[in-house]
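Following: one structure in structure tokens, then a few remarks.
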């Protein structure tokens, strides 16, 4: 399942539209007023499905994932010299990729591919293509992409 992730150009808070390859809206992500990033994920009808929330006052960036109101895992940036790295406490998954964080993979603990992510260049806003092996993992994969994108944006501010 191929999913297209597009950040809206003109919005007060971070807002993203998530589409299937055929153009059908899967999710809308809306940033909410909060200390740190707080991104609420809604389905196409506006029903809240989950949230990615930055934990503030930590030495390295950390984001918690919620499905509904239930905590399901977290991602934390790891201290490295050259290649950004993340520790994923979530479904036994791991993130691996290139040094610029534009292309990376989400893999399961047994090494099988969960999703591959690539950033489309030459756009005014962030655009990603997410190729998800199992469509049931779409929401969870989106949470990881949102957290990594938010961490990169915070670092560049």
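Does region 35-57 hold any residues that are touching a strand residue (DSSP E or B) at 6+ places or on another chain (Cβ under 7 Å), in a loop (DSSP other than H, G, I, E, B) and more than 25 Å from residue 104 (Cβ to Cβ), and which are they?
If the condition is that a residue be touching a strand residue (DSSP E or B) at 6+ places or on another chain (Cβ under 7 Å), in a loop (DSSP other than H, G, I, E, B) and more than 25 Å from residue 104 (Cβ to Cβ), then 44 is the only one that fits.
Residues of region 1-18 being crowded, with 17+ Cβ neighbours inside 10 Å and at pLDDT 90 or above, which ones?
Across region 1-18, the qualifying residues are 3, 18.
Across region 32-57, which residue is surrounded by the fewest Cβ atoms within 10 Å (Cβ to Cβ) among those that are in contact with a helix residue (DSSP H, G or I) (Cβ under 9 Å, 6 or more places away or on another chain) and modelled with pLDDT under 90?
Selected residue: 36.
The values are calculated or read from the model by the stated rules, or taken from the named source; none is laboratory data. Bear in mind that the values here come from a model prediction, so they are computed numbers and not experimental data. Cβ sites come from the backbone with ideal geometry, for glycine too, and all protein chains shown count toward neighbours.
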